[in-house]
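Down below is the structure, laid out as structure tokens.
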């Protein structure tokens, strides 16, 4: 039997751990993972016993973005279904960003594309020094519109503009500098650091934390409504369905440079 794409556990304190569970694919998300994560977030948001949510990735990587095989499948969908696939990503990010309890992420390995978006959506992000980040969508001819609002919230417009339009990869030290992660902690110490922060979280009244988080997002115009999410999803699937999107997907699967990049630099 295939394991579920998201594993959930809860300890006696009400700390829920959601582990992205597609390690052979670098925890790249597909329709099943997005559905599982969305369902979990919707259910847990209304559970008064939940005190905090910790997001992890199984295996070597946190989350390597969208599954390329799923994107190839989505590229064959009719417009309505392609839009819904894009909306699934937008909805998962919105639910995590606006989750009414404190959220934390532990990042190891790759956090690319939508995986980087997940980091943008949590309240506290810890990374090991070896972690690698990237808003890499433009490198394959698509746009990170489902996470555009959250990336600006997390790292500011200036840094989001740089990394979203270049697709550059950057290390944990740079992620810390630009505000994407809060702390960089050695792998041997990160579990202890997580526990220390969770101890601080548990000292805060859960209702007060929820109101504070909702107020911070709301008063600064950082909560997405249905119309905004539909627009982001529409922009995302339109670019994915474009000639660039099709060429980027083909180039990635064929392990070659996309046509717009030209020939590789001479040695």
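Filter segment 192-218 down to the residues that are closer than 19 Å to residue 12 by Cβ, under 24 Å from the mean Cα position of the chain (by Cα) and touching a residue at least 60 places away in the same chain (Cβ under 8 Å) and list them by number.
194, 197, 198, 201
Is one or more of the residues making up segment 169-187 in contact with a helix residue (DSSP H, G or I) (Cβ under 6 Å, 6 or more places away or on another chain), under 17 Å from residue 26 (Cβ atoms) and at pLDDT 95 or above?
No, there is no match, as no residue in segment 169-187 is in contact with a helix residue (DSSP H, G or I) (Cβ under 6 Å, 6 or more places away or on another chain), under 17 Å from residue 26 (Cβ atoms) and at pLDDT 95 or above.
So residue 221 passes all but one of these: (1) free of Cβ contacts under 8 Å to residues at least 12 places away in the same chain; (2) in contact with a helix residue (DSSP H, G or I) (Cβ under 6 Å, 6 or more places away or on another chain). Which condition number does it fail?
It fails just one condition, (2).
So is residue 217 at pLDDT 95 or above and in contact with a strand residue (DSSP E or B) (Cβ under 9 Å, 6 or more places away or on another chain) or not?
When the stated conditions are applied, residue 217 does not pass them.
Would it be correct to say that residue 8 is free of Cβ contacts under 8 Å to residues at least 40 places away in the same chain and surrounded by fewer than 18 Cβ atoms within 10 Å (Cβ to Cβ)?
yes
State all residues of segment 13-31 that are in contact with a helix residue (DSSP H, G or I) (Cβ under 9 Å, 6 or more places away or on another chain) and either over 24 Å from residue 100 (Cα atoms) or assigned to a helix (DSSP H, G or I) (or both); if no residue qualifies, say none.
Listed by number, the residues that qualify are 22, 25, 26, 27, 28, 30, 31.
The values are calculated or read from the model by the stated rules, or taken from the named source; none is laboratory data. Not measured: the values here are computed from a predicted model. We place every Cβ from the backbone using ideal geometry, glycine too, and count neighbours over all the protein chains shown.
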